[in-house]
Structure formats: C-alpha cells, structure tokens
1. With the radius of gyration and the Kirkwood radius both derived from the Cα set of segment 26-139, what is their ratio Rg to Rh?
2. Give the shape of segment 94-141 as rounded, prolate or oblate, defined through the alpha-carbon gyration tensor: a ≥ b ≥ c are the square roots of its eigenvalues, a/c under 1.5 means rounded, and otherwise the shape is prolate if a/b is larger than b/c and oblate if not.
3. Taking square-rooted eigenvalues a ≥ b ≥ c of the alpha carbon gyration tensor, is segment 73-118 rounded, prolate or oblate, where a/c under 1.5 means rounded and, failing that, a/b exceeding b/c means prolate?
4. Can you check how the C-alpha radius of gyration of segment 1-70 compares to 2.2 N^0.38 Å, as a plain ratio?
Amino acid sequence: VADAFGISLVEERHSLLARRVPDGRGTRPVAANVDEVLVVTATFDPLPIPQLIDRLLVVAAANDLAAAVVLNKTDLDPGDELAARFQGAGYPVFRTSVRTGAGLELLKERLAGRVTVVAGPSGAGKSSLLNALEPGLDLRTGEISARIKRGAHTTVSAVIVPVGNEGFIVD
C-alpha cells in the first residue's frame, strides 16, 4: 500500500500479472494483488486491433485474472461487431464515451472495490477515461497522429490511481 509518503505497508501477494520477457526466458511482473484486467480499445480513431485485444485477454487468462473489455469513443462508432465478438466469448463489455459521458457511471460501478489494471493500445483513450472517471487526476493525454492513425505513447510509467473511495486502477 502506498500513500503520499511512499510505501506504508507490504501485503501478502494474492495475485500477479506478469508477461513474458522478449527473449522468452521467464516473466516480468507488471502488477501484484490485482483483481482484474480492463482491456480498453477505441471503436474508431484509431481503429481497433482485435488481435491485440485478444492477446491482452490471453495474458489476463494466463495469469488467472478476470478480464473485461471497454469499447471507448462510442460517440464515433458504437462498436457493435466488437461488442458481439467479446460478449460472445463471455467477457463483460462496457461501452463508453469520454466526450458524451456515456457508460462512465456503469464502468465506475464495476471498478468499485477492485484493483484493476488498464491495458490497451495507444490512442484508445485510457488516460482520458481515467481523467473522466476521477476528476482532478489530470493524467497526460495526446492526440491521434494524422499520419499513422495511431496514438503516441503518453503514459510512460505505471501509476496507481484511486477511483472513488473504494477502488484503484493501475495505468
């Protein structure tokens, strides 16, 4: 457990999210004591990459962690095909729009009382989503590149963000 003064308590590990190192010899811890992985993708601008979403969901499953999918930017495209794909595979799907506020309260309810890791491609709106869920965070966000139609990597280190009084997100 960390606060403004640093680490105040070390809890026993009950879960671990780890990923393989590039050379394939072992794993690298990403976060401990998490309850679920939230895979965030934009429905449009940038276009979603279903194979990447699949890969992130497999990482969650390989670590015995629950997972859900957030389809963000639904004001640009409702994401019906993506929703059907992942709901058909048994994943909870949340449709959100930071611009209109759609789906944010339902997602915030899902996050209450949990420690959630947020993952997804650049430009999906992860930091914008967290800023909308917890006003005052002021996480850095970026624009979609007009040239490559992808987001720039703006989040460069992991942070633990409180959501309401009961939950935390690792971004």
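Nothing in this text is a laboratory measurement; each read-out follows from the coordinates by a stated rule. None of the values given here were measured: they were computed from a predicted structure.
1. Details: Rg = 13.4 Å, Rh = 14.3 Å.
Dividing the radius of gyration by the Kirkwood radius yields 0.94.
2. rounded
3. Oblate, since a/c reaches 1.5 and b/c is not below a/b.
4. Details: Rg = 14.9 Å, N = 70, 2.2 N^0.38 = 11.1 Å.
Normalised Cα radius of gyration, segment 1-70: 1.35.
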